[in-house]
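The structure appears right after this line, and notes come after that.
The values are calculated or read from the model by the stated rules, or taken from the named source; none is laboratory data. Since the structure is predicted, the reported quantities are computational estimates derived from the model, not experimental observations. Here the Cβ positions follow ideal geometry from the backbone for every residue, glycine too, while neighbour counts run over all protein chains shown.
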Amino acid sequence: MAAEINDEDALAVAFSAPLDRARAGAGAHPRDRIALRDHIREVDIGAFQLERGTTQRIRFDIVCEVVTDTDAVVGDDVDGILSYDTLIDAISAELEAERVNLLETLAERIAARVLQHDQAARVFVRIEKLDRGPHVLGVEIVRSRTLTPAVSAPADAPPRPRVVHLGPGVLRHPGLTAMIDRVISGTAPVILTVSADFTPPEAGHPMAQRRVDLLALEQAAWQLAARDTRCVVVNSRTELDWALRQGNLSVWAPSRMVLDATDGPDGADAVTLVQWLAEEFDALELTLVGIDGPEGLRAVSELDAV
């Protein structure tokens, strides 16, 4: 029977390293553990505006309790064990997936990814911000295979869409509804993007200007949705993925995806953004309506040509 932990010992355990936490909570039948300590990465993370667009040092500590394959250990077979690389790869995969606001979210996703491994039984994840002041800010979670659903395996890619960008003035064109009729009559799902009919105000700072420009594109998306109820404004990758699988017509509001992307486009130029979107979803075709684009992109001046 495990010895009772008094308040003083409990406080010491609470601020101890994850490996010591794992040992303290092991009970009568402790498991083997593998550990990653003091793994530091430069990460763009945080819910506050001052944290966006810049990186800060984040320290990761992970301890994973494992169900040991004794034969693999005795046979010195690296393929039969849970590798340290599993822990590092889980961090890298989640950092590359998208920008997140909360350490808690990142910790949950890393823990779930580690628990995908057949030999992982319980995992301790501690993540700490090192640059937010004369102190360390962090979270620690403990998750087990029996209580935490594993991260779902990636689904098959959604159907490849047609991306159609509507340039300035197209929203007011009398042929807009007929054009939408034509684009949705094909077999491929469609994502519409829209330029604003006005020049966004000058913000006086590049980061602020980017936000203003993105908001102008979002306003245009909602204007299009108001013109035609078949157009549904979508602002996340998950929603777009679902809409493509359902064959729905989507209008892209870009701010969330662009600002949260780990490898997103710079600035907020409409053509650059829609090119990035088309590449992200492996579009069958990108058509620019009423606007010129780089060589190689299909650009048409009249809606009848779409």
Discussion item. Name the residue that is farthest from the chain's Cα centre (by Cα), counting only residues in the stretch 112-137 that are of a type in the set (Gly, Ala, Ser) and on the phi < 0 side of the Ramachandran plot.
Written reply: Ala121
Worksheet item: Does Val251 count as surrounded by fewer than 20 Cβ atoms within 10 Å (Cβ to Cβ), in the same structural domain as Ile184 (by TED's automatic domain parsing), modelled with pLDDT of 90 or more and part of a strand (DSSP E or B)?
Response: no
Item to complete: Six or more apart or on different chains, Cβ under 6 Å: which pairs go from a residue in the stretch 96-118 that's farther than 16 Å from Pro18 by Cα to one that's among the basic types (Lys, Arg) and part of a loop (DSSP other than H, G, I, E, B)? Could you list them?
Response: Leu115/Arg145
Worksheet item: Of these, Glu128, Glu140, which one is assigned by TED's automatic domain parsing to the domain that holds Gln49, at pLDDT 90 or above, surrounded by 14 or more Cβ atoms within 10 Å (Cβ to Cβ) and farther than 28 Å from Asp263 by Cβ?
Response: Glu140
Discussion item. Among the residues of the stretch 281-298, are any surrounded by 14 or more Cβ atoms within 10 Å (Cβ to Cβ) and closer than 25 Å to Glu94 by Cβ?
Written reply: yes
Item to complete: Would you mind telling me which numbered condition in (1) in a loop (DSSP other than H, G, I, E, B); (2) touching a Cys at 6+ places or on another chain (Cβ under 9 Å); (3) of a type in the set (A, V, I, L, M, F, W, C) Ala196 fails?
Response: (2)
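Residue-by-condition table, conditions (1) among the small types (Gly, Ala, Ser); (2) outside any loop (DSSP other than H, G, I, E, B); (3) free of Cβ contacts under 8 Å to residues at least 60 places away in the same chain; (4) out of contact with any Gly (no Cβ under 6 Å at 6 or more places or on another chain):
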{"residue": "Ala243", "(1), (2), (3), (4)": "yes, yes, yes, yes"}
{"residue": "Met257", "(1), (2), (3), (4)": "no, yes, yes, yes"}
{"residue": "Asp266", "(1), (2), (3), (4)": "no, no, yes, yes"}
{"residue": "Leu273", "(1), (2), (3), (4)": "no, yes, no, yes"}
{"residue": "Trp276", "(1), (2), (3), (4)": "no, yes, yes, yes"}
{"residue": "Asp282", "(1), (2), (3), (4)": "no, no, no, yes"}
{"residue": "Leu288", "(1), (2), (3), (4)": "no, yes, no, yes"}
{"residue": "Ile291", "(1), (2), (3), (4)": "no, no, no, no"}
